[in-house]
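Q: Quick one: the structure is below, and I'll ask about it shortly.
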Amino acid sequence: MFKAIFQFLSDVIKDINSDKIWDSRGGICKTRTNGKYGFMDDKGKVIISPCFDAVYDFSEGLALVELNNKYGFINKNGKIVIDLKFDLAYPFHRGYAKVKIKKKWGVINKDGDIVLQPVFDSVLGLDKSGKAFFVTFKGVTGFIDKNGNFTELY
């Protein structure tokens, strides 16, 4: 039995043409081939060809990807659903992602709509209620809600 399992795994590994394969997360593995990154399922079938400079695990159905020093998001079919236009970005958390444009931070939703314009020195994330973001603006730290109402922390 053990020999059969070993032979099966050996055959699968021979068929995979990747330099590196990361652990599966939800049935999807990050891969690197010739310096480019993509995804395969946990059976070794390529589902998103390695064409990105960097990829990050899927979060809330989307994966953060980097190409030519710009960041955006793809779905599990490999379709770019949020253009690669950000200087830096973080994966989605609770429906929002932090994005950086021209040295300033903002927030987008999963449709790619800007929720907070990129004018902040930093955006640390949502408060516990999910109604306001913890931000720093011109050296002042506080919370800003989705309507733009700012409350300075004392």
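Q: Filter segment 62-82 down to the residues that are assigned to a strand (DSSP E or B) and either in contact with an Asp or Glu (Cβ under 7 Å, 6 or more places away or on another chain) or of a type outside the set (Phe, Trp, Tyr) (or both) and list them by number.
A: Across segment 62-82, the qualifying residues are Leu62, Ala63, Leu64, Val65, Glu66, Leu67, Lys70, Gly72, Ile74, Ile80, Val81, Ile82.
Q: Name the residues in segment 99-154 that are among the β-branched types (Val, Ile, Thr), farther than 17 Å from Leu88 by Cα and open to solvent by 30 Å² or more (accessible area, probe 1.4 Å), would you?
A: Val140, Thr141, Thr151
Q: Are there any pairs, at least 6 apart or on different chains, whose C-beta atoms fall under 6 Å, with the first in segment 142-154 and over 10 Å from Ala132 (Cβ atoms) and in contact (Cβ under 8 Å) with a residue 12 or more places away in the chain and the second loosely packed, with under 12 Cβ neighbours inside 10 Å and small (Gly, Ala, Ser), and if so, which?
A: none
Q: To continue, here is another question. Filter segment 30-85 down to residues that are hydroxyl-bearing (Ser, Thr, Tyr) and either under 16 Å from Gly112 (Cβ atoms) or open to solvent by less than 20 Å² (accessible area, probe 1.4 Å) (or both), then give me how many there are.
A: So the answer is 3.
Q: Any idea which of Val115, Val107 is among the aliphatic types (A, V, I, L, M), assigned to a strand (DSSP E or B) and at pLDDT 95 or above?
A: Matching residue, one of Val115, Val107: Val107.
Q: A further question on this structure: From the list Phe86, Phe6, pick out the single residue that is aromatic (Phe, Trp, Tyr) and at pLDDT below 95.
A: That would be Phe6, the only listed residue that is aromatic (Phe, Trp, Tyr) and at pLDDT below 95.
Q: Would you mind stating whether Lys43 is farther than 24 Å from Phe134 by Cβ and either outside any loop (DSSP other than H, G, I, E, B) or modelled with pLDDT of 95 or more (or both)?
A: So Lys43 does not fit the description; no.
The values are calculated or read from the model by the stated rules, or taken from the named source; none is laboratory data. Keep in mind that what you see is a predicted model, and the values were worked out from it rather than measured. Methodologically, a virtual Cβ is constructed for each residue, glycine included, from the backbone with ideal geometry; neighbour enumeration extends over all protein chains shown. Note: accessible area is taken over every heavy atom of the protein model, side chains too, but ligands, DNA and RNA are not part of it. Shrake-Rupley method; radii C 1.70, N 1.55, O 1.52, S 1.80 Å.
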